[in-house]
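FYI, it's all coordinate maths here, none of it is from the lab. Since we're looking at a predicted model, the values are computed, not measured. So basically every Cβ, Gly included, is an ideal-geometry build from the backbone, and we count neighbours across all protein chains shown.
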Amino acid sequence: MKTELEPQDIQAIAAQVVEALKPHLATAGKEEDTVLDKETLAAYLHVDVSWINRQITDRAIPYIKMGKYTRFRKSHIDRWLDGKKIETLSAVKNFRKRGQVL
């Protein structure tokens with residue numbers, strides 16, 4: 001079955017898609033521009049600044065050097081956090097629900 005749309009119908013659909021995506025596009029642009037210092041990042045992650053310093057020393061966290069200043073892009077930190085996410089194993093959950101021990 002082949003359906004043809006009129007040009008005005010295609011434009012109306014495109015306009016609705018753009019309107020639906022506007023909030024997401026505006027938020028993404030603002031996050032890209034957010035730059036954090038060590039103290040702000042520590043507050044964002046709920047950790048001590050000393051932990052941030054260790055992560056920098058180990059090169060375990062994405063950061064930017066601006067002369068003597070170390071800065072962090074919020075969008076890079078959020079992607080880094082997503083990479084640290086640990087998924088639950090459904091099999092483990094099922095065993096625990098049945099009272100079985102692994």
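Legend: residue pairs Lys22/Lys84; Lys22/Lys85; Lys38/Lys84; Lys2/Lys22, Cα-Cα distance threshold 22 Å; pairs beyond threshold, Lys22/Lys84; Lys22/Lys85; Lys2/Lys22. Computed from phi, the 3J(HN,Hα) profile of the range 54-68 under the Karplus parametrisation 6.51, -1.76, 1.60 (θ = phi - 60°) reads 5, 5, 5, 4, 7, 6, 9, 10, x, 9, 10, 9, 10, x, 8 Hz, with x in place of Gly and Pro. Within the shell defined by Cβ-Cβ distances under 14 Å, the residues around Gln16 carry a net charge of -1, with Lys and Arg each +1 and Asp and Glu each -1.
Converting phi to 3J(HN,Hα) with the Karplus coefficients 6.51, -1.76 and 1.60 and the offset θ = phi - 60°, the range 78-89 yields 4, 5, 4, 5, 4, x, 8, 5, 10, 7, 7, 9 Hz in sequence order, with x at every glycine or proline. Distances between placed amide hydrogens fall under 5 Å for Thr70 paired with no residue 5 or more residues away or on another chain.
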